[in-house]
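Asker: For reference, the structure I am asking about is given below.
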Amino acid sequence: MKRVRLTWKFFYDPLSTQQSIYKELSESDKPADIYSATDASVKPATDDKPFFDQNIGFGNLTVQGIKETFSQDDKAILALKDKPVAETTLIAIFIQCILAAGLFILLPLKLFRKEGKSSKAQGEYSADRKYLFYFACLGFGYIILQIGLVQKFTLFLGQPSITLLTVVSTMLVSSGAGSFFSGKIFGSGNKKLYLIFGIIAALILAIAFLHPYLYEYFVRLDLHWRIVLSVLIILPLGFFLGMPFPIGISMILPGEKRFTSFAWAVNGFFSVIGTVSAIILAMIMGFKFVFILAAFIYIIAMALALNRFRKINVI
């Protein structure tokens with residue numbers, strides 16, 4: 001039987017005169033100064049950054065620390081509590097997402113696309129490849145927002161499985177309805193774009209900043225009423241989130257049909273990598289930042305849509 005020397009240690013001993021970061025934190029009147037002076041992530045977990053096991057910030061990751069995380073050495077395994085396990089794992093998953101999405105979404109599109117006559121030879125307008133960034137914004141913005149909503153409403157509903165079912169199903173159904181009605185309401189023209197994207201940004205920011213009040217005043221309700229209230233809050237946001245994609249597709253001209261498949265692929269690719277990106281961003285900046293970033297991304301998408309609208313109306 002192999003004997004292993006345990007590397008346990010005291011975090012804080014009030015009777016000891018030996019200095020440690022935990023002793024300094026417990027006795028300091030200005031813990032913020034200690035937070036900024038150490039590489040370790042010792043800030044208390046909050047509702048905005050609920051990562052209890054985050055040991056080291058992403059900015060303080062080192063190659064040696066990552067190697068030790070994957071080490072099979074006995075002491076290294078016992079000391080995993082002090083290693084950047086969560087950070088290293090997320091980076092590895094992020095790289096896997098990029099590779100998998102590229103392999104199964106972008107690569108087949110490149111390999112199996114049908115070559116035809118050039119659009120110039122047919123006198124057709126060639127789509128601006130910069131317009132693909134519009135669909136990237138929609139894919140990335142939608143998924144990081146959805147991840148943020150799951151976290152926020154888990155606090156309100158209390159059970160992750162129920163929250164996931166409530167948020168995802170509500171967004172899918174309401175986004176589908178928004179997609180269906182996107183060409184039937186608000187008329188047409190650039191005013192429609194201003195209105196839709198403006199409402200989306202306003203609703204995102206409203207949920208981000210008013211959610212604490214929702215929790216404070218309604219958390220005592222029975223679970224089924226909290227679910228109903230959650231659906232009513234998410235429903236209008238999901239409805240308007242379903243409109244930008246079909247509107248973007250509708251601005252692809254008849255001579256750009258091959259461009260449509262690229263739009264779908266880019267949207268799907270950024271949806272995949274956005275899932276992990278949302279968690280990484282939340283660990284660094286907090287979930288409120290994720291909501292603000294999502295609103296900003298949709299504003300960028302609005303600018304790209306308006307630019308596209310002007311182009312196709314002067315052709």
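Asker: For the subset of the stretch 200-210 comprising residues that are out of contact with any Leu (no Cβ under 8 Å at 6 or more places or on another chain) and buried (at least 18 other Cβ atoms within 10 Å of the Cβ), which member is modelled with the highest pLDDT? Explain how you work it out, then say what you get.
Answerer: From the stretch 200-210, those out of contact with any Leu (no Cβ under 8 Å at 6 or more places or on another chain) are 201-202, 205-206, 208-210; that's our starting set.
Imposing the further condition that a residue be buried (at least 18 other Cβ atoms within 10 Å of the Cβ) reduces the set to 201, 208.
Values: 201: 97, 208: 94.
Filtering first and then ranking leaves 201.
One line per residue, one yes/no per condition, for (1) surrounded by 15 or more Cβ atoms within 10 Å (Cβ to Cβ); (2) at pLDDT 90 or above; (3) touching a Pro at 6+ places or on another chain (Cβ under 9 Å):
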{"residue": "122", "(1), (2), (3)": "no, no, no"}
{"residue": "134", "(1), (2), (3)": "yes, yes, yes"}
{"residue": "171", "(1), (2), (3)": "yes, yes, no"}
{"residue": "180", "(1), (2), (3)": "no, yes, yes"}
{"residue": "185", "(1), (2), (3)": "no, no, no"}
{"residue": "189", "(1), (2), (3)": "no, no, no"}
{"residue": "197", "(1), (2), (3)": "yes, yes, yes"}
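Asker: Taking the stretch 136-160 only, how many residues are out of contact with any Pro (no Cβ under 6 Å at 6 or more places or on another chain), within 20 Å of residue 49 (Cα to Cα) and in a helix (DSSP H, G or I)?
Answerer: Taking the stretch 136-160 first, the residues out of contact with any Pro (no Cβ under 6 Å at 6 or more places or on another chain) are 136-137, 139-153, 155-160.
Next cut, within 20 Å of residue 49 (Cα to Cα) only: 141, 143-153, 155-160.
Filter once more, so that each one left must be in a helix (DSSP H, G or I): 141, 143-153, 155-157, 160.
The number of residues fulfilling the criteria is 16.
Asker: Oh, and also: Can you tell which of 243, 251 is buried (at least 20 other Cβ atoms within 10 Å of the Cβ), under 23 Å from residue 132 (Cα atoms) and in contact (Cβ under 8 Å) with a residue 12 or more places away in the chain?
Answerer: On the way: 251 fails: buried (at least 20 other Cβ atoms within 10 Å of the Cβ).
Residue meeting the stated conditions: 243.
Asker: From the list 210, 235, 214, 164, which one is within 24 Å of residue 134 (Cα to Cα), in a helix (DSSP H, G or I) and not small (Gly, Ala, Ser)?
Answerer: Values: 210 fails: within 24 Å of residue 134 (Cα to Cα); 214 fails: within 24 Å of residue 134 (Cα to Cα); 164 fails: within 24 Å of residue 134 (Cα to Cα).
Only one candidate passes the filter, namely 235.
Asker: Looking at the stretch 217-227 only, could you name the residues that are assigned to a loop (DSSP other than H, G, I, E, B) and either touching a Lys or Arg at 6+ places or on another chain (Cβ under 7 Å) or closer than 25 Å to residue 289 by Cβ (or both)?
Answerer: To start, the set of residues in the stretch 217-227 that are assigned to a loop (DSSP other than H, G, I, E, B) comprises 219-222.
Within the stretch 217-227, just 219 meets the criteria.
Asker: Same structure, new question: Kindly indicate which of 305, 265, 295, 282 is modelled with pLDDT of 95 or more and either buried (at least 22 other Cβ atoms within 10 Å of the Cβ) or out of contact with any Phe, Trp or Tyr (no Cβ under 7 Å at 6 or more places or on another chain) (or both). Reasoning before the result, please.
Answerer: Working: 305 fails: modelled with pLDDT of 95 or more; 265 fails: modelled with pLDDT of 95 or more; 282 fails: modelled with pLDDT of 95 or more.
Just a single option satisfies the conditions, and that option is 295.
Asker: Among the residues of the stretch 298-315, is any more than 29 Å from residue 183 (Cα to Cα) and out of contact with any Leu (no Cβ under 6 Å at 6 or more places or on another chain)? Give the steps one after another, and end with the answer.
Answerer: Our first condition is that a residue be more than 29 Å from residue 183 (Cα to Cα); within the stretch 298-315, this holds for none.
No, the stretch 298-315 contains no residue that is more than 29 Å from residue 183 (Cα to Cα) and out of contact with any Leu (no Cβ under 6 Å at 6 or more places or on another chain).
Asker: State whether the residues of the stretch 256-272 include one that is polar (S, T, N, Q) and either under 29 Å from residue 56 (Cβ atoms) or within 19 Å of the chain's Cα centre (by Cα) (or both). Break it down stepwise before answering.
Answerer: As a first pass, look at the stretch 256-272 and keep what is polar (S, T, N, Q): 260-261, 267, 271.
The next check asks that each one be either under 29 Å from residue 56 (Cβ atoms) or within 19 Å of the chain's Cα centre (by Cα) (or both); those that pass are 267, 271.
Yes, that holds for at least one residue.
Asker: I'd like to verify a number: residues in the stretch 258-278 that are under 21 Å from residue 104 (Cα atoms) and either without any contact (Cβ under 8 Å) to a residue 40 or more places away in the chain or of a type in the set (Gly, Ala, Ser) (or both), how many?
Answerer: Restricting attention to the stretch 258-278, the residues satisfying the condition of being under 21 Å from residue 104 (Cα atoms) are 258-277.
Those still in the list that are either without any contact (Cβ under 8 Å) to a residue 40 or more places away in the chain or of a type in the set (Gly, Ala, Ser) (or both) too: 260-261, 263, 265, 268, 271, 274, 277.
Residues that pass the stated criteria total 8.
The values are calculated or read from the model by the stated rules, or taken from the named source; none is laboratory data. Quick caveat, the model's predicted, so the values are computed rather than measured. Positions of Cβ are backbone-derived with ideal geometry, glycine not excepted, and every protein chain shown enters the neighbour counts.
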